[in-house]
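Undergrad: Have a look at this one before I ask anything.
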Amino acid sequence: RVTWSGRFRPALNDQGVYPRPVQQPLPVWLGVGGNPGSVVRAGLLGLPMILAIIGGTPDRFVPLAELYRQAQDKSDHPRQPLAVNAHGYVADSFAQAKQEFYGPYARAMTTIGRERGWPPMTTQGFDQMAGPGGSMVIGAPEEVAEKILRMRDLLGIERFMLHISVGTLPHAQVLRAIELFGTKVAPLLVDA
């Protein structure tokens, strides 16, 4: 139960939190998009960290992964895991994944980008992000697994989280991507 008051929302008075966590204490991860100060803070606090890689190339995050581990080594806390959260989509083929995902993704990222001063999403930009060295994890199960394993080897991650529903994908397509991730991608990662 939570009791709290602050400046920016109504107070919480003995409010229940649901669903109930099964872990004690509740695990807390710090999500970081690329700010070195946030990376150091996560390491010094002894928190597991998730790198949000939503653009550019994963190799740009290698210095941040190293900085996180250096900060952990300076703290009194045991080493914590590092994870990546990336946008992506799994389909039966790369061509199908691109055809289904590009429109909703481009609309969503163009809208978000407008708020942040980014240029509109283009097919060329999407193709670069979806390519072997790009940030987007998209394609057939084998291609998706290969990209995740590349990030694992590059950054030393122990977890990977795929953000599928960026945009307005039809529910059936999201469910199919989740099914492919669980039944086809995950076994390729476990055995690697």
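Undergrad: Just the residues that are in contact with an Asp or Glu (Cβ under 9 Å, 6 or more places away or on another chain) and within 13 Å of residue 56 (Cα to Cα), please, taken from segment 115-168.
TA: Residues satisfying the conditions are 132, 133, 134, 137.
Undergrad: Another question, if that's okay. Residue 120 fails exactly one of the following numbered conditions: (1) open to solvent by 20 Å² or more (accessible area, probe 1.4 Å); (2) within 28 Å of residue 171 (Cα to Cα); (3) touching a residue at least 24 places away in the same chain (Cβ under 8 Å); (4) not in a helix (DSSP H, G or I). What is the number of that condition?
TA: Result: residue 120 fails condition (3) only.
Undergrad: OK, next. Does residue 128 fit the bill of being under 19 Å from the mean Cα position of the chain (by Cα) and either open to solvent by 70 Å² or more (accessible area, probe 1.4 Å) or among the hydroxyl-bearing types (Ser, Thr, Tyr) (or both)?
TA: Answer is yes for this residue.
Undergrad: How about segment 43-86: which of its residues are of a type in the set (A, V, I, L, M, F, W, C), part of a helix (DSSP H, G or I) and closer than 15 Å to residue 157 by Cα?
TA: Correct list: 61, 62, 64, 65, 67.
Undergrad: Does residue 42 qualify as being crowded, with 19+ Cβ neighbours inside 10 Å and without any contact (Cβ under 8 Å) to a residue 60 or more places away in the chain?
TA: Taking the combined requirement at face value, the residue satisfies it.
Undergrad: Of all residues in segment 74-112, which are free of Cβ contacts under 8 Å to residues at least 24 places away in the same chain and over 19 Å from residue 170 (Cβ atoms)?
TA: 79, 110, 112
Undergrad: May I ask you to say which residue of 86, 71 is small (Gly, Ala, Ser), open to solvent by less than 40 Å² (accessible area, probe 1.4 Å) and under 19 Å from the mean Cα position of the chain (by Cα)?
TA: Answer to the selection: 86.
Undergrad: Within the set of pairs 6 or more residues apart or between chains, which connect a residue that is within 17 Å of residue 182 (Cβ to Cβ) inside segment 145-170 to a residue that is of a type in the set (Val, Ile, Thr) and open to solvent by 40 Å² or more (accessible area, probe 1.4 Å) with Cβ atoms less than 9 Å apart?
TA: Here the result reads 162/178; 163/54; 164/178, each pair linking segment 145-170 to a residue that is of a type in the set (Val, Ile, Thr) and open to solvent by 40 Å² or more (accessible area, probe 1.4 Å).
For (1) open to solvent by 80 Å² or more (accessible area, probe 1.4 Å); (2) more than 16 Å from the chain's Cα centre (by Cα); (3) farther than 16 Å from residue 99 by Cα; (4) at pLDDT 95 or above, each residue gets a yes or a no:
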position	(1), (2), (3), (4)
162	no, no, yes, yes
168	yes, yes, no, no
177	no, no, no, yes
180	no, yes, yes, yes
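Undergrad: Of the residues in segment 1-39, how many are surrounded by 10 or more Cβ atoms within 10 Å (Cβ to Cβ), among the hydrophobic types (A, V, I, L, M, F, W, C) and part of a loop (DSSP other than H, G, I, E, B)?
TA: 2
Undergrad: Something else: I'd like the full set of residues that are of a type in the set (Gly, Ala, Ser) and either closer than 27 Å to residue 133 by Cα or surrounded by 17 or more Cβ atoms within 10 Å (Cβ to Cβ) (or both), limited to segment 45-56.
TA: Within segment 45-56, 52, 55, 56 qualify.
The values are calculated or read from the model by the stated rules, or taken from the named source; none is laboratory data. Predicted model, so just to flag it, every value in this text is computed and none were measured. All Cβ positions, even for glycine, are placed from backbone atoms using ideal geometry, and neighbour counts span all protein chains on display. Calculation scope for accessible area: heavy atoms of the full protein, side chains included, ligands and nucleic acids excluded. Shrake-Rupley method; radii C 1.70, N 1.55, O 1.52, S 1.80 Å.
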